[in-house]
Amino acid sequence: MKCIISGVLLLCGILSLCADIPAGYYQRLDGKKREALKTATFQTVRPHTVVTYNSLFPQQFPKTDVYPELYQGQRRWWEMYSDMVFFVSRGWSGMNREHSFPKSWWGGDQNEAYTDLNHLYPSESAANMAKSNYPLGEVQTPLFDNGVTTVGYAYAGMGGGAAQVFEPADEYKGDFARTYFYMATCYQDYTWKYTYMVQDGAYPTLRPWAYEMLLDWARRDPVSQKEVMRNEAVYQIQGNRNPFIDFPELAEYIWGTRTDEIFYISEQGGNVTPPIEGDPELFAPIDGSSLDMGEVAVGKSQEVELLVNGVNLTSSLSVRVTGTDRAMFALNTNAIPASQVNSDAGYRLSVRYTPESVGEHTAAITLYDGGFPDGQTVHVDLHGQAFPVPHLTALTALPPENLTADSYVARWNAPEGSEVVDYYMVNRTRYLPSGPVTTRLAAEDAFLEIDGREADVDESYTVQSVRLGYESPVSNVITISSGSVLLPGAPEPFWAVGMPGGVRLMTSGISRNVTIVHASGIVVRKLPEAASGEIISLPAGVYFISADGSPRPVKVLVN
């Protein structure tokens, strides 16, 4: 259970935290109200170092999401989706990297938001799958409930039109509320694909029902020590903060009861003071922080951008790489103009890691000059881990499940044995009148919910596993014919999968009276019965295949 800070404890926690905030970090917010205050907050928190996806569990989550005390003598992950115990020493088996603010809402592109630690948390897999990309809400009729995560039908007025909502435990409702306040502010310039809780535009970005519920959650579950510690840890990694943790009343000034008031930092406990005029200061990176390059295969490179941002620098900031393995780390420049460091967006220093051998490699970045006193420097530790080139086997794609007129769930068999996968890539092809269009979609588990299907358009999918930037061979092709819909309670449909030189039957048990018709109308094969998995050789072409009990023929393409 997390420790809720209230009264004196809350004040002490915030005072101790604010002592670590650079003096001028929040200066843009001072004297603003409502829309202008939200935009000033956006300008403050948006610039940050973007970490790599495959560094989350090995390097980042151990710094941000581990209980401070031991359990049975071991460190354990602090995840907010179940009450299960997962030991850090056992890696992340049974857990996922969860975008608490669903990545599908902005299209899932691998951009700044995709790996922003301010909304990424470790999650138990079953709870993660159950919550899907549903919005937050309060559940009236639960369909999934593990005691911490509840998913089901919402009370009237909640959900924004979604089929179901995800309700966290009471002790974490404020955590998620402040996470969503951050995301709706840091990425207020995004165009949203799903608008259950958000709408396009810099203000208010959150829909009224959403911010009213989130404000209520934030009031009932105030800032906890967990959030305070995590916010500081994320700042050490990314160089930006969640201001709704630093200033718990900020959300009220933007969406709540204080929108007609001007936000003054001096009235927020007097903990953050304006910068001393003319005194050079770096907000990011923080001296003594570290930059993890993630896991990289020998022969590949990994590039990470380190945010360099401050105020009042008077000359160029010098940058050097030092340390044992410095030859494996390269910078795009050794001098950053003061004007770029002093700008609102800061400067993004490109750091490239190109390992020459398997193993762990370390170095450091040293920043100096810029108008700072002689001898004053900022050090950032560099860490990378190199692996041999992975051997990846082709996956077996399976027929889709939950097939409706506008969506389906693509599935495949996960690799067996010790083969490690970072994530999967689904290659979805839609056969439009103008020609085939292929999109690539990333998936955490061996399934992916695909929406936007058109019932009168044929489509297909293949899948590949991805490890350290390498992709496995392409799987077999799964074809979904136009008009195919699996109704609730209907029997398992008859499926046939096109492949080079023929088709593979994908059904349960024995299919009877299998008939194969060429697109020209000619019946080319009739089989009294055929077993699941059986391969039938056919020349290249388009075929329609049916069997007893199948509601309609299956259209397949043979290469």
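Quick check on my filter: what residues within the stretch 445-459 are part of a strand (DSSP E or B) and either small (G, A, S) or surrounded by fewer than 16 Cβ atoms within 10 Å (Cβ to Cβ) (or both)? Scanning the stretch 445-459 gives a single hit, D451. Whether a residue is over 25 Å from the mean Cα position of the chain (by Cα), modelled with pLDDT of 95 or more and open to solvent by less than 40 Å² (accessible area, probe 1.4 Å) was assessed, and A363 passes this test.
Taking the numbered list (1) open to solvent by less than 50 Å² (accessible area, probe 1.4 Å); (2) within 26 Å of K226 (Cα to Cα) in turn, Q164 passes all entries but (2). Exactly one residue out of V321, V296 is open to solvent by less than 30 Å² (accessible area, probe 1.4 Å) and hydrophobic (A, V, I, L, M, F, W, C), and it is V296. Among strands (runs of 3 or more DSSP E) entirely within the stretch 479-559, having at least 3 residues that are modelled with pLDDT of 75 or more, open to solvent by less than 30 Å² (accessible area, probe 1.4 Å) and in contact with a strand residue (DSSP E or B) (Cβ under 8 Å, 6 or more places away or on another chain) singles out 502-505, 510-518, 541-546, 554-558. The residue that is farthest from the chain's Cα centre (by Cα), counting only those in the stretch 393-444 that are of a type in the set (S, T, Y), open to solvent by 50 Å² or more (accessible area, probe 1.4 Å) and within 13 Å of E459 (Cβ to Cβ), is Y431. What are the residues in the stretch 248-268 that are at pLDDT below 95, open to solvent by less than 70 Å² (accessible area, probe 1.4 Å) and over 24 Å from W209 (Cβ atoms), if any? Correct list: I265, Q268.
Being surrounded by fewer than 16 Cβ atoms within 10 Å (Cβ to Cβ) and within 25 Å of the chain's Cα centre (by Cα) is a property that does not hold for A386.
Restricted to the stretch 72-127, and to residues there that are β-branched (V, I, T) and over 29 Å from T439 (Cα atoms), the residue that is nearest to the chain's Cα centre (by Cα) is V88.
Checked against the criterion of being more than 17 Å from F176 (Cβ to Cβ), open to solvent by less than 10 Å² (accessible area, probe 1.4 Å) and touching a residue at least 40 places away in the same chain (Cβ under 8 Å), the stretch 220-238 contains one or more residues that satisfy it. Give the stretch 55-102 a look and list any residue that's assigned to a loop (DSSP other than H, G, I, E, B), acidic (D, E) and either open to solvent by less than 40 Å² (accessible area, probe 1.4 Å) or in contact with a strand residue (DSSP E or B) (Cβ under 6 Å, 6 or more places away or on another chain) (or both), or say none. Result: D65, E79.
The values are calculated or read from the model by the stated rules, or taken from the named source; none is laboratory data. Please read all numbers here as calculations on a predicted model, not as lab measurements. For neighbour counting, all protein chains shown are included, and Cβ atoms are generated from backbone atoms with ideal geometry for every residue, glycine included. The accessibility values were calculated without ligands, DNA or RNA, using every heavy atom of the protein model including side chains. Shrake-Rupley method; radii C 1.70, N 1.55, O 1.52, S 1.80 Å.
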